[in-house]
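Everything on this sheet refers to the single structure shown next.
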Amino acid sequence: MTVDYRNRSLWLDGFPGSLDPRPSLDGDSTVDVAIVGGGYTGLWTAYYLLQLDPTLRILVIEKEIVGFGASGRNGGWCIGEIAAGPDRHEDATDNAAARRFLHELFATVDEVGNVAQRESIDCHFAKGGTIRLARGPAHLARQRGEVDHQHQAFGLSDDDLRIVDAAEARRHIRGTDTVGGMFFAHSAALDPARLVRGLADSVERSGGTIVEQTAVTSIEPGRVVTDRGIVRAEIIVRALEGYTGSLAGHARTLAPLYSLMVATEPLPESVWNEIGLADRQTFADERHMVIYGQRTADGRIAFGGRGAPYGFASRIDASIEHRSRIHDRIFETLVDLLPVLEGTKITHRWGGVLGVPRDWFPSVGLNRATGLAWAGGYVGEGVAASNLAGRTLADLITGTESNRIDLPWVGHQSRRWEPEPIRWLEINGALRVMGAADRSESRSGRESRLAQWMWRLLR
C-alpha cells in the first residue's frame, strides 16, 4: 500500500523534493553506532558523530520516512529553552549549572541556523524572537514574576528576555485584549520538514547510512531487533520521542500527547499590515493550555495548540491528526486572537504526538556498560533542544571532553509513568484542569491556584 506522506503536515506537503522511502534494511548488519529513529534527535546525533569521527559506521533506522513524526509536523519553533524551567536544573546551593545550560540552549538556536547555512539547507530560518502576549492581568502578573526571577537568579538581561508594554506587544502582533507581553530573543521560525530532510541528506553525504520502512521492535545491549533483520552495534541510541512506547519494555517511558495544527491560505499584504509579525516572530500567549504560531515564509499562519485527549494505553490514533473537533477549536482560538482572519480559508489540518516524561524533564544519556544511549522527552520543545542533545550524545559516545557532557539533563532518569488506567485519568484530568484554570483567570483576572497545584502534582 502506498502511503501519502505529504498529507501529514503543511511542511511535508510543501516539501520540494521527493518523499519516496529510502531502501529498507536488507538482512542482518553490523555497525559501530545504530540509531533508532529518523527524526531530529537521531539525525543530529549522526551528523555530529560523523563530524567528530568520519570513520564511524553509523546506521539510522526509521520505521516510515525521515521526518514522519514530530520532526516533520511541529510548529517550526526553534527556541532556546526546554519544558523543565531553569529552577529545576540548579543545585541546591549553586545555580551555575543552570546558567550554563540556559546559555547553551540560547546558543543552540544560532547553531541550527549556522548548520542550515553551511549545509545549504533551505529551511526558511528566521530569527525573529518569540512574543508571548499577556491578555489579562493574570497573564501579565505571571510574566513579570518570570522575567524578574530569571533576571535575578540566572543573570539574564533584557537582551535575552524582557517585559513589553501593550503598545510594544501590539507592534509585534496586534492580538485582541493585549495588555502587555514578554519578548524572548533566542528563538527562530523555520520549516521543520525542510530542516529534517536536509539534515538527512547531510548525514548521508558525510558517510552515514539511513534505512527506512524498517520497524524496530526491541533494543538491547549490542543489538537492535527489526522486522527486516538484526543490527549489531557497540552503541545503540534510542531517539523515538513520542513513539518510544512501540519498543518492548518502554510502554511507560514517555507518554505520547497530541498537539494539533492548522494553516491558513497565504494572506495578502493588506492583512499582514493589520496583523504584524514583520520579522516572522513566533507567537503565543500566556494561557496554560498552550497555543503557538508562526508566519511562514510563503505568508501563511501556521497555528497550533494542545488539548486533544490522551489515548488510553498511549494509543496513537491517526484519525485525530487530520479531522478532529480540536482543529475547529484551534482555528476559533486563532480568530479570537486575530479577528481579521474571520472567513480565511484553512488549507491544512494536521497533528502528531510529542514525548512527555513523567516529570516533564528531558534527558540525554549513555550507559557505557551496556552501550545504550538515549535522548528525548522534549514536551514539544525539541527543534533546538534535539540539536544540543545530538551534540551531547556525540561527545559522550566518542569520549570527547566538552562543556556539554555534564549539563543538568545528562544522565537524568525520569520515573516511569503510572500503569493504566491511572495514567489516562491523571493526564486527561490535568488537561481539564488547565482548561478550567484558563477560564477562571479570564473571568477573575487572578492567577489560578488550581493550575499551580496541578503543575506541582505533574512534576
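The values are calculated or read from the model by the stated rules, or taken from the named source; none is laboratory data. Worth saying up front: this structure is predicted, and the values here are computed from it rather than measured. Here the Cβ is made from the backbone with ideal geometry for all residues, glycine too, and neighbour counts use every protein chain on show.
Return yes or no: is Gly80 at pLDDT 95 or above and either in contact with a Phe, Trp or Tyr (Cβ under 7 Å, 6 or more places away or on another chain) or among the β-branched types (Val, Ile, Thr) (or both)?
Working: at pLDDT 95 or above: yes; either in contact with a Phe, Trp or Tyr (Cβ under 7 Å, 6 or more places away or on another chain) or among the β-branched types (Val, Ile, Thr) (or both): yes.
Criteria met by Gly80.
Every residue in the stretch 284-319 that is among the polar types (S, T, N, Q) and surrounded by fewer than 22 Cβ atoms within 10 Å (Cβ to Cβ), please. The one that is among the polar types (S, T, N, Q) and surrounded by fewer than 22 Cβ atoms within 10 Å (Cβ to Cβ): Ser319. Does Met261 meet the test of being at pLDDT 95 or above and within 29 Å of Ser442 (Cα to Cα)? For Met261, the condition - at pLDDT 95 or above and within 29 Å of Ser442 (Cα to Cα) - is met. Of everything in the stretch 39-73, what is farther than 28 Å from Val290 by Cβ and not in a loop (DSSP other than H, G, I, E, B)? Give them in sequence order. Within the stretch 39-73, Ala46, Tyr47, Tyr48, Leu49, Leu50, Gln51, Leu52, Ile58, Leu59, Val60, Ile61 qualify. Among the residues of the stretch 174-192, those that are closer than 22 Å to Gly145 by Cβ, touching a strand residue (DSSP E or B) at 6+ places or on another chain (Cβ under 6 Å) and of a type outside the set (Gly, Ala, Ser) comprise Thr178, Val179, Met182, Phe183, Phe184.
For Leu43, state whether it is more than 23 Å from Ile301 (Cα to Cα), touching a residue at least 24 places away in the same chain (Cβ under 8 Å) and surrounded by fewer than 24 Cβ atoms within 10 Å (Cβ to Cβ). No; evaluated as a whole, the condition is false for this residue. Taken as a whole, the condition of being within 21 Å of the chain's Cα centre (by Cα), over 30 Å from Arg223 (Cα atoms), part of a loop (DSSP other than H, G, I, E, B) and not assigned by TED's automatic domain parsing to the domain that holds Ile235 applies to Arg287.
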